[in-house]
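A short worksheet on the structure shown next.
Readers should treat all values here as calculations from the given coordinates under stated rules, not as data from a laboratory. Worth saying up front: this structure is predicted, and the values here are computed from it rather than measured. FYI the Cβ positions are ideal-geometry reconstructions off the backbone, even for glycines, and counts take in every protein chain you see.
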Amino acid sequence: MTRVLLVDDEKEFVSALAERLALRGYAADWSVTAEDALAKVKAKEYDVCLLDMRMPRLSGLELKQEIKKTAPCMRFIFLTGHGSEQWFEEASSEGEFCLIKPVRVEQIMETIAEVIKEGKGGAA
Amino acid sequence: MSAGSNPGWDSLAFCGRMNAHISHKIRNILATVSETAGLLDDLVEMAEEQDGAGNCGRLRELSGRIVEQIDRGQKVVQRMNQFAHSVDTAWAEVDINDAAGLMASLSSNMPYPRAVDYRPADGTITVNTSPFLLEQLLYVLLRFAFDGLTPEQGLTLATRSTDRGGAVEFSGVAGLSGRRLPDEALKLAGALDLDLELRADQGIILVELDHNLAD
């Protein structure tokens, strides 16, 4: 069973998405703060982290670096509602998996499978 | 004209940034509604499998309607965001296809809209111009063109490359005889240093831009 941690400050969004993934066979947990996400990563192993690019105190990229100190093998997928083409191109060019909200749950599942298969996002 | 040196433009750029931020928030709200509707659909599907159809068909129809409206809202917000970013810089490299496509899409939000058949040229047609003022000009021309059309009539908006740069052509514009281009359009054409022509007998309005208008 693939273990997924969803991190997004939009509670209703992230909780609904976690439930939908759970219905499809994923072990999905969610956090709405960077602090809670870090605590969950310290307490439990995850295969993939879906991370909102814009969190209130830490950016998604900053939180990724913090998480990797505890879970260096964790893979990451970034979510954003911003849809800025420049941001998308920059993050994509750095090898990140990026999805723009709204995104279909099937697309998220495909990306999770892809990121696990390719092992991307695990490098520091 | 450049952002940072003109208070009027700075205010416009501020307005654009605020609208971009707001559209970002609306996008997040729509994503949340979309995910919640998706979860509702999942639960209805599970109930169907466990207990038979019952009233599930009606529930699925209603959740489907919510998803359709979210998709519609997302498209509007996408265009709002794109338009808000058009004041990021006073002058920029602009793909005429992007500017004309955006205004063709936004025209459906105007009062008394008419059908616009948008036909972009293949590839990109890049010119150096003011994205915001160019979009404003296309908006003014669309409104002018719509005034001459009945609700059943539509117009064609097409782009093409030219030796000088590119062109935007409004065609099928009925009811142009005896009319002249709006002063606002002529002023904007002057500010943008582009050619604007009304061919009333052919039902055509033509906008021609050079590659490097700001040079």
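Side notes on the structure shown:
- Charge context of B:Asn109, other residues only, Cβ under 15 angstrom, K/R +1, D/E -1: +4
- Backbone HN-Hα couplings from phi across segment A:15-24 [Karplus 6.51/-1.76/1.60, Hz, Gly and Pro as x]: 6, 5, 5, 4, 5, 5, 5, 4, 5, 9
- Per residue of A:5-17, other chain Cβ atoms within 10 Å of the residue Cβ number 4 on average.
- HN-Hα J in Hz across segment B:177-183 - Karplus 6.51, -1.76, 1.60, θ = phi - 60°, x for Gly and Pro: 4, x, 9, 10, 4, x, 4
- The residue list B:Ile66, B:Leu157, B:Tyr112 was ranked by how far each Cα lies along the charge dipole of chain B toward its positive end, using unit charges on Cβ atoms, and B:Tyr112 comes out on top.
- The angle between the Cα long axis of helix B:56-84 and the main principal axis of chain B comes to about 30°, on a 0 to 90 degree scale.
- For chain B, the relative contact order is 17 percent, taking Cα pairs closer than 8 Å that sit 6 or more residues apart in sequence and dividing their mean separation by the residue count.
- Spherically averaged projected area of the convex hull of Cα atoms, segment B:7-87: 5.2 nm².
- Residue order, fewest to most surrounding Cβ atoms within 10 angstrom, among A:Arg24, A:Arg75: A:Arg24, A:Arg75
- Rounded, prolate or oblate (a/c below 1.5 giving rounded, otherwise prolate when a/b exceeds b/c) for chain B by Cα gyration tensor: prolate
- Cα centre as origin, Lys/Arg/Asp/Glu Cβ charges: segment B:92-210 dipole, Debye: 380
- Helix B:131-147 vs. chain B, principal-axis angle (Cα, 0 to 90°, nearest 10): 90
- Note on chain B: with a GNM built from Cα contacts shorter than 10 Å, the maximum mean-square fluctuation among B:Leu134, B:Leu188, B:Leu62 falls on B:Leu62.
- Long pairs among A:Lys11/A:Lys42; A:Lys44/A:Lys64; A:Lys11/A:Lys117; A:Lys44/A:Lys101; A:Lys11/A:Lys44; A:Lys42/A:Lys69, criterion Cα-Cα beyond 18 Å: A:Lys11/A:Lys42; A:Lys11/A:Lys117; A:Lys44/A:Lys101; A:Lys11/A:Lys44
- Gyration tensor (alpha-carbon) shape descriptor, the protein assembly as shown, a/c threshold 1.5: prolate
- Taking B:Met46, B:Met18, B:Met80 as the candidate residues, the one with maximal mean-square fluctuation in a Gaussian network model of chain B, Cα springs under 10 Å, is B:Met46.
- For A:Leu79, the residues whose modelled amide H falls within less than 5 Å of its own, excluding neighbours fewer than 5 places apart on the same chain, are A:Leu51, A:Asp52, A:Met53, A:Leu99.
- Enclosed volume per residue, in Å³, of the convex hull spanned by Cα atoms of segment B:150-198: 94
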